[in-house]
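All remarks here apply to the structure that follows.
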């Protein structure tokens with residue numbers, strides 16, 4: 001199914017532009033001008049595939065970040081819940097970057113795009129082999145979760161087996177995105193993995209609720225190193241700044257920890273120890289949730305393939321992911337799913 005640009009004629013025989021192809025620098029600057037923010041002409045695209053995000057220098061020599069949300073991904077109510085959560089976090093003195101309220105609102109519209117504007121925050125990825133850095137991040141994750149536990153999301157979905165795993169698998173198979181020479185192998189490996197995850201608290205009940213074994217809460221949802229900006233600690237406000245709550249969802253606390261772990265088991269154990277050392281200074285953590293790390297990793301693996309396939313009409317995706325979709329890619333996915341099944345069968349990580 002083709003995506004039509006805002007205002008495109010659906011009866012036209014001309015190829016339709018993807019909506020983001022209409023988001024030119026002039027459109028970006030015009031959008032900010034509607035909020036009385038006037039750029040000096042310097043505009044830099046920041047790393048983002050799901051949305052389009054730009055650092056924009058203004059005539060008063062300040063800088064802001066404008067995020068243009070992918071049309072049709074989130075409802076306006078869901079975007080506003082993300083904004084409200086980030087505002088709650090900043091009010092609780094958690095270093096999250098919240099959108100600015102301009103002209104009485106945090107969400108704006110221009111040329112068919114919903115967009116928000118946030119203050120610019122510089123920084124670099126955190127040094128995750130430094131125990132003190134991990135401890136510091138753990139303290140703030142606990143504070144994020146303390147705020148997140150105060151009330152539920154009303155419109156944002158849960159991170160669960162159905163939405164990330166089963167729906168992704170069914171969409172890939174239903175839309176024939178997997179080459180026939182690999183399809184049966186992938187489907188078999190995927191079924192084994194999903195069956196194993198179905199025995200965990202990530203499975204939902206008939207009402208779509210997560211298992212009650214652990215407490216669910218509002219999460220950052222995509223807390224990988226690229227979404228934490230670290231600034232020198234010898235400066236005011238130094239340390240971690242959490243950005244991009246675009247994937248904020250309901251889920252279990254361990255979701256915001258596991259993507260910060262890398263390396264072999266010994267390395268991951270050490271990193272987890274640092275995170276939990278800081279986390280448990282502010283909030284208790286149910287160690288039984290550690291058994292969900294590999295199931296969550298497996299769900300992300302399946303969801304990532306479906307995400308790439310769903311976004312393939314966006315011109316930036318074939319450019320940046322040229323290896324996606326080949327038989328070799330899917331054979332690699334089969335091997336990774338088989339490895340994940342082995343990982344899920346092992347004793348969980350412990351710290």
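Here are some notes:
- The set of residues from the range 84-112 being buried (at least 19 other Cβ atoms within 10 Å of the Cβ) and out of contact with any helix residue (DSSP H, G or I) (no Cβ under 9 Å at 6 or more places or on another chain) comprises just one member, 86.
- Search result, residues across the range 234-250 that are modelled with pLDDT under 90, within 18 Å of residue 143 (Cα to Cα) and part of a loop (DSSP other than H, G, I, E, B): 237, 238
- Counted residues, the range 74-117 - those being in a helix (DSSP H, G or I) and touching a residue at least 60 places away in the same chain (Cβ under 8 Å): 8
- Every residue from the range 123-156 that is surrounded by fewer than 17 Cβ atoms within 10 Å (Cβ to Cβ) and touching a strand residue (DSSP E or B) at 6+ places or on another chain (Cβ under 7 Å): 123, 124, 125, 149, 152
- When the criteria are applied in full, residue 313 meets the requirement of being over 30 Å from residue 142 (Cα atoms), touching a residue at least 60 places away in the same chain (Cβ under 8 Å) and surrounded by fewer than 17 Cβ atoms within 10 Å (Cβ to Cβ).
- Evaluation of residue 201 against (1) buried (at least 17 other Cβ atoms within 10 Å of the Cβ); (2) more than 23 Å from residue 247 (Cβ to Cβ); (3) at pLDDT below 95 (one fails), failing number: (2)
- Residue check for residue 167: in contact with a helix residue (DSSP H, G or I) (Cβ under 7 Å, 6 or more places away or on another chain) and under 27 Å from residue 218 (Cβ atoms): no
- Selection count, the range 277-299, where residues are in a helix (DSSP H, G or I) and touching a helix residue (DSSP H, G or I) at 6+ places or on another chain (Cβ under 7 Å): 10
- Verdict on residue 261 being assigned by TED's automatic domain parsing to the domain that holds residue 171, surrounded by 22 or more Cβ atoms within 10 Å (Cβ to Cβ) and not in a helix (DSSP H, G or I): no
- Among the residues of the range 24-43, those that are within 12 Å of residue 63 (Cβ to Cβ) and either assigned to a helix (DSSP H, G or I) or in contact (Cβ under 8 Å) with a residue 40 or more places away in the chain (or both) comprise 32, 37.
- Filter result (part of a loop (DSSP other than H, G, I, E, B) and under 15 Å from the mean Cα position of the chain (by Cα)) within the range 194-229: 219, 220, 221, 222, 223, 224
The values are calculated or read from the model by the stated rules, or taken from the named source; none is laboratory data. Being a predicted model, the structure only gives us computed values, none of them experimental. Positions of Cβ are generated from backbone atoms using ideal geometry, with glycine treated the same way; all protein chains shown enter the neighbour counts.
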